[in-house]
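The next block holds one structure in the form of structure tokens; read it before the comments.
The values are calculated or read from the model by the stated rules, or taken from the named source; none is laboratory data. Small disclaimer: the values here were computed from a predicted structure and weren't measured. Here the Cβ positions follow ideal geometry from the backbone for every residue, glycine too, while neighbour counts run over all protein chains shown. Remember, those area values only see protein heavy atoms, side chains included, never the ligands or the DNA or RNA. Shrake-Rupley method; radii C 1.70, N 1.55, O 1.52, S 1.80 Å.
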Amino acid sequence: MNDLWYSQSSIHYLILRLSVSHVNMQWARRFEEHGKDEIGNNFMTSCVLTLISNAKSLPLEPVHIARVCQHFVTTGKTDWLAESEACDIFIESPLSTTDITKQARDILSETAIDTVCTSIKDRRKKLLISDMDSTIIDQECIDELGDAIGLGPQISEITSALVQGEISVADAMRKRLELMKGMEHHLLNSVYKERITLKTGARTLVQTMRRYGAFCILVSGGFTFFTRRIAERIGFHDHYGNKLVFKDEKLTGEIQKPILGRSAKLNTLTSICYEKGLEPSEALAVGDGANDIEMIKAAGLGVAFHNSGSLRKYANTCIDHGDLTALLYIQGFRKSEFVLS
């Protein structure tokens, strides 16, 4: 008698197909029983759940897909956007996209896998509006400036309070600039060149969305000295930030008004939408702190990126494990479409 041998990947594939078959039967029965309201209208909605792994720590495997499919009333159709990294699961469900995201996150809570459910309609966004500090770059620029003149702990404490929503943008800016008064201009150049690094996937995110027709904006409560350089380096179409005031090549401790804060970020989103003939639903906004709340709430897709604070409850979804290319996967981009230059 011949021995039978199956690879691990074959077994995973069989598990996935059996699970999908079982779920399809469940879906058909439940839809027949519950898929219409009291006057016979279909209230099931079509959406797509995207699972995204942090490839460095844990690959996405068919067994993860199977576990999620077993839980939801789903058609079972799956589409791998990148092998071992990202996969779409198309779902028909009476649940909201927020509820589906949360339930999928709970199912995979012990893994480094992000779960994001979005509507299939208008999935690819036409406007990207992004925060800069700790979102597009790894650092908080003002903290690095403070550290360069020996005031790192004091500056960072104020920044932390701002990110958590414990202090207003205006108060945080005033307190930090008072500490930095007299800082020489050449130190800003040194900080930019020696301390500022890009988040993984930042350039790929912007360049890919640009190639496929999106308008990309960098908007920051930080300083135009940095937003201009980062925007040019990555490929944003335009940038907005606060303008520092110098006298005799030294910081005066002031910035040009108005101060760019929460409302200014929202106003930037709405004005660009008006200028480009877009709806806010066609925008993707991403940030990491309380200063981003209003633009996150207004955007069709608002993403809290690596945030554990107040922003999470206002965002459509959170990316906790993946890099910035996760924002491409949740729009349905395949890795083969990424601009990697």
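What the table shows:
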item	result
Sparsely packed GluC sites (Glu not before Pro) within the range 247-341, loop by DSSP, other Cβ within 10 Å at most 15	E249
Virtual spin-label span in nm between T200 and I149, 7 Å along Cα→Cβ	3.5 nm
Full-extension gain in nm, R233 to E166, via 0.36 nm per residue minus C-alpha separation	20.9 nm
Rounded Å value of the spacing that divides the Cα centres of the range 142-216 and the range 292-341	20 Å
CD proxy at 222 nm, helix term only [per DSSP H run n ≥ 4: -39500 (n - 2.57); per residue of the chain; nearest 500]	-12500 deg cm²/dmol
The chain: relative contact order in percent, alpha carbon pairs under 8 Å with at least 6 residues between	18 percent
At R0 = 22 Å, FRET efficiency that the Cβ-Cβ distance of S271 and E337 yields, to 0.05	0.15
Surrounding net charge for K199, when Lys and Arg each add one and Asp and Glu each subtract one, Cβ distance under 9 Å	-2
Extension reserve of the T45-I120 stretch, reckoned as 0.36 nm per residue once the Cα distance is removed	26.0 nm
Sites matching GluC sites (Glu not before Pro) across the range 67-127 that sit in DSSP coil, with at most 12 neighbouring C-beta atoms within 10 Å	E83, E110
Heavy-atom SASA rank of T50, T270 (probe 1.4 Å, accessible area, largest first)	T270, T50
E157-V63 pseudo-label distance in nm [points 7 Å out on the Cα-to-Cβ vector]	4.8 nm
Accessible surface, per residue, of the chain when the full set of protein chains is kept, probe 1.4 Å, Å²	48 Å²
